[in-house]
Amino acid sequence: MSIFDELQQAIIDGKAPVAKEVTERALGEGVRPAELFPNAIVPAMNEVGRRMRDCEFFIPEVLIAARAARAATDILRPLLVGDEEVRSAGTVVCGTVKGDLHDIGKNIVAMMLESAGFQIVDLGVDVPPEKVVAAVREHGANVVAMSALLTTTMVNMKAVIDALAAAGLRDQVKVMVGGAPVTESWAQSIGADGYGKDASAAVETARSLVAAA
Ligand code: B1M
């Protein structure tokens with residue numbers, strides 16, 4: 001079993017101490033922090049999602065798996081900053097939209113953006129549009145990055161865009177969206193400026209949005 005498989009299994013089994021130990025061992029063996037996301041953490045949570053959909057897992061198992069994923073990402077977060085050349089790429093206000101409590105993907109995106117030199121203002125989960133507007137004003141953000149994991153909360157991305165427009169801020173800030181149910185065409189349909197399929201794509205999108213501003 002590869003070290004990536006070991007970490008995947010620990011997360012699926014919800015074994016946070018094992019996930020922590022395997023992550024530390026992987027780093028000790030020279031695995032780059034960013035490699036652990038596509039090779040272990042993201043596929044593990046996808047498998048958890050499949051089991052949830054197929055009624056093999058219920059909320060407690062999913063929460064325990066999420067906690068194990070968190071044990072790994074908590075170790076990786078400080079290491080990712082500085083993984084790439086550090087520069088001031090811009091300020092990103094990020095969060096998961098109102099009504100939505102999923103934050104694993106949003107946290108990975110935030111970590112990758114931070115490692116790419118962006119200043120991150122993370123508003124957390126269940127973020128109402130007015131909180132985004134206030135943060136954009138306060139921090140002079142270049143980019144708003146919103147996640148949604150539920151088809152029922154995706155509409156709240158449009159509410160953020162509308163609130164920014166109503167506050168007279170829409171011309172000053174780029175809006176990008178992502179999350180499992182979000183697509184490029186959805187992003188376009190709500191008037192977002194960009195979309196990221198995964199965390200790496202989110203970094204590319206944020207860079208190109210700032211460059212084009
Ligand atoms: Co939830 N849940 N959940 N859940 N959950 C899903 C999303 C679901 C698909 C599971 C399923 O049925 N198979 C389903 C949604 C169905 C739908 O809407 N069509 C679902 C459901 C139904 C629910 C509840 C309603 C269940 C219930 O209560 N009956 C409930 C809703 C609570 C709420 O939010 N109000 C709920 C609750 C939960 C938990 C709390 C138990 C837990 C969340 C814990 C946490 O996040 N702290 C949870 C989890 C863990 C999941 C699954 C299993 C995994 C999500 C995850 O972490 N994925 C999920 C199934 C799945 O997605 N496969 C599921 C891993 C993560 C790395 O991927 O978040 O997609 P993701 O992020 C990716 C990309 O999408 C992208 O980059 C990331 C890294 O590559 N990305 C961006 C994300 N944001 C981006 C932003 C960008 C760009 C890219 O730019 C701004």
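The values are calculated or read from the model by the stated rules, or taken from the named source; none is laboratory data. Predicted model only: the values in this text are computed from it and were never measured. Counting neighbours? That spans all protein chains shown, and the Cβs are built from the backbone with ideal geometry, glycine included. Ligands, DNA and RNA are excluded from the accessible area calculation, which covers all protein heavy atoms including side chains. Shrake-Rupley method; radii C 1.70, N 1.55, O 1.52, S 1.80 Å.
Select from region 149-164 the residues that are among the aliphatic types (A, V, I, L, M) and either touching a helix residue (DSSP H, G or I) at 6+ places or on another chain (Cβ under 6 Å) or open to solvent by 40 Å² or more (accessible area, probe 1.4 Å) (or both) and list them in ascending order.
149, 150, 155, 159, 160, 163, 164
Quick one: in region 77-95, of everything that is modelled with pLDDT of 90 or more and more than 8 Å from the ligand (Cβ to nearest atom), which residue is nearest to residue 149 (Cα to Cα)?
Just the residues of region 77-95 that are modelled with pLDDT of 90 or more, to begin with: 90-95.
Now narrow it down to the ones that are more than 8 Å from the ligand (Cβ to nearest atom): 90-93, 95.
Values: 90: 25, 91: 23, 92: 20, 93: 18, 95: 12 Å.
Only one residue fits best here, namely 95.
Show me the helices (runs of 4 or more DSSP H) entirely contained within region 34-143 in which 3 or more residues are under 19 Å from residue 3 (Cβ atoms) and open to solvent by less than 50 Å² (accessible area, probe 1.4 Å).
Hits in region 34-143: 42-53, 59-80.
Does region 118-135 contain any residue that is more than 13 Å from the ligand (Cβ to nearest atom), in contact (Cβ under 8 Å) with a residue 40 or more places away in the chain, over 14 Å from the mean Cα position of the chain (by Cα) and in the same structural domain as residue 175 (by TED's automatic domain parsing)?
Scanning region 118-135 turns up at least one residue that is more than 13 Å from the ligand (Cβ to nearest atom), in contact (Cβ under 8 Å) with a residue 40 or more places away in the chain, over 14 Å from the mean Cα position of the chain (by Cα) and in the same structural domain as residue 175 (by TED's automatic domain parsing).
Residue by residue through region 36-57, note down the ones that are within 14 Å of the chain's Cα centre (by Cα) and more than 6 Å from the ligand (Cβ to nearest atom).
The answer is 37, 38, 41.
Within region 11-23, which residues are free of Cβ contacts under 8 Å to residues at least 60 places away in the same chain and either within 21 Å of the chain's Cα centre (by Cα) or exposed (fewer than 12 other Cβ atoms within 10 Å of the Cβ) (or both)?
The answer is 12, 14, 16, 17, 19, 20, 23.
Checking residue 211 against (1) exposed (fewer than 15 other Cβ atoms within 10 Å of the Cβ); (2) touching a residue at least 40 places away in the same chain (Cβ under 8 Å); (3) not basic (Lys, Arg), which single condition isn't satisfied?
Only one criterion is unmet by residue 211, namely (2).
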